[in-house]
Amino acid sequence: MDQTLYFILLLFALCSVSECVQRQYHFINEKKTWTEAQRYCREKYTDLATADNMNDTNELKKSVNDSSVQDIWIGLQKTGRDEWQWSSGEPALYLNWALGQPETSYCGMMSNGKFEDLPCSDERYFICNNNKLIVIRENVTWSEALRYCRQHHVDLVSVHSEEMQRRVMNVVKLASTAEVWLGLRHSCTVGIWFWVSEDTVCYQNWAPGNGTSEEDCEHTVRSGAVQSGGDQRWISLPESHKLNFICSRY
């Protein structure tokens, strides 16, 4: 079989394997108001905890290392009449409310795996998310960004799922450039995009006109970046451009 065709078929096969990305939760054994807890999580980690499904809720419960603690702040907040969202700005599509909840308060907590609301001024223990992504606000080429991440952290970030894209969206707003390097690279040899972490490009979030057509291989290698504003889509750029970049730390 032709080597190029074999490689492409192999990628399709790998893309059929489902991926599961779990959040990392950190229980904080200090009592704070909801706003104080949010500030703490954003300074020390990423944000107050988000839970998108029952698996996340179970992981939240496991993160609490004190069996006597019942009521714990999570990143749930009321934004309007019967409208709830997470502290990260994500819509709250999964809401595991306890019987009779919510009532009239504007901040959410978890009690025995169920969600309840409390006045935001109450002091409770809390749980933080940690996605361990970091924006480096230095303007460098793609190759320089790759070398920096591998020397100081783990790698340039790979965005292999919608959840990881949301994590990138949460941190990319801190960038000082309009585009920010990802660990995404184009191979002219086989005409495909790939992640430097060796994850296959199954999930895609390209801006219109980017990443889906034949790339210009005559002048320079193309690499992938994410927009720091707007829809925060991916774009194809010459690797010699100088941008901020995102490193993964796990």
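The values are calculated or read from the model by the stated rules, or taken from the named source; none is laboratory data. Quick caveat: nothing in here was measured; it's all calculated off a predicted structure. Positions of Cβ are backbone-derived with ideal geometry, glycine not excepted, and every protein chain shown enters the neighbour counts.
Mind checking which residues of the range 158-189 are aliphatic (A, V, I, L, M) and either within 18 Å of residue 91 (Cβ to Cβ) or in a strand (DSSP E or B) (or both)?
In the first step, residues of the range 158-189 are kept if they are aliphatic (A, V, I, L, M); the result is 159, 164, 168-169, 171-172, 174-175, 178, 180, 182, 184.
Matches in the range 158-189: 164, 168, 169, 180, 182, 184.
Of (1) closer than 13 Å to residue 184 by Cα; (2) surrounded by 20 or more Cβ atoms within 10 Å (Cβ to Cβ), residue 206 satisfies all except one. Which?
Condition not satisfied by residue 206: (2).
From the set of residues in the range 113-145 that are out of contact with any helix residue (DSSP H, G or I) (no Cβ under 8 Å at 6 or more places or on another chain) and under 17 Å from residue 44 (Cα atoms), which is modelled with the highest pLDDT?
This residue is 125.
Can you name every residue in the range 113-134 that is free of Cβ contacts under 8 Å to residues at least 24 places away in the same chain and of a type in the set (Lys, Arg)?
114
Has the range 71-91 got any residue that is aliphatic (A, V, I, L, M), surrounded by 12 or more Cβ atoms within 10 Å (Cβ to Cβ) and modelled with pLDDT under 90?
Taking the range 71-91 first, the residues aliphatic (A, V, I, L, M) are 72, 74, 76.
Still in the list and also surrounded by 12 or more Cβ atoms within 10 Å (Cβ to Cβ): 72, 74, 76.
Now restrict to residues that are modelled with pLDDT under 90: none.
The answer is no, given that none of the residues of the range 71-91 is aliphatic (A, V, I, L, M), surrounded by 12 or more Cβ atoms within 10 Å (Cβ to Cβ) and modelled with pLDDT under 90.
Please count how many residues of the range 212-226 are under 28 Å from residue 151 (Cα atoms) and either among the acidic types (Asp, Glu) or surrounded by 20 or more Cβ atoms within 10 Å (Cβ to Cβ) (or both).
5
On the basis of being free of Cβ contacts under 8 Å to residues at least 40 places away in the same chain and of a type in the set (Ser, Thr, Tyr), does residue 143 make the cut?
No, not satisfied.
Going through the range 58-93 one residue at a time, which ones are assigned to a loop (DSSP other than H, G, I, E, B) and farther than 15 Å from residue 129 by Cβ?
Passing the criteria: 65, 66, 67, 68, 69, 70, 81, 82, 93.
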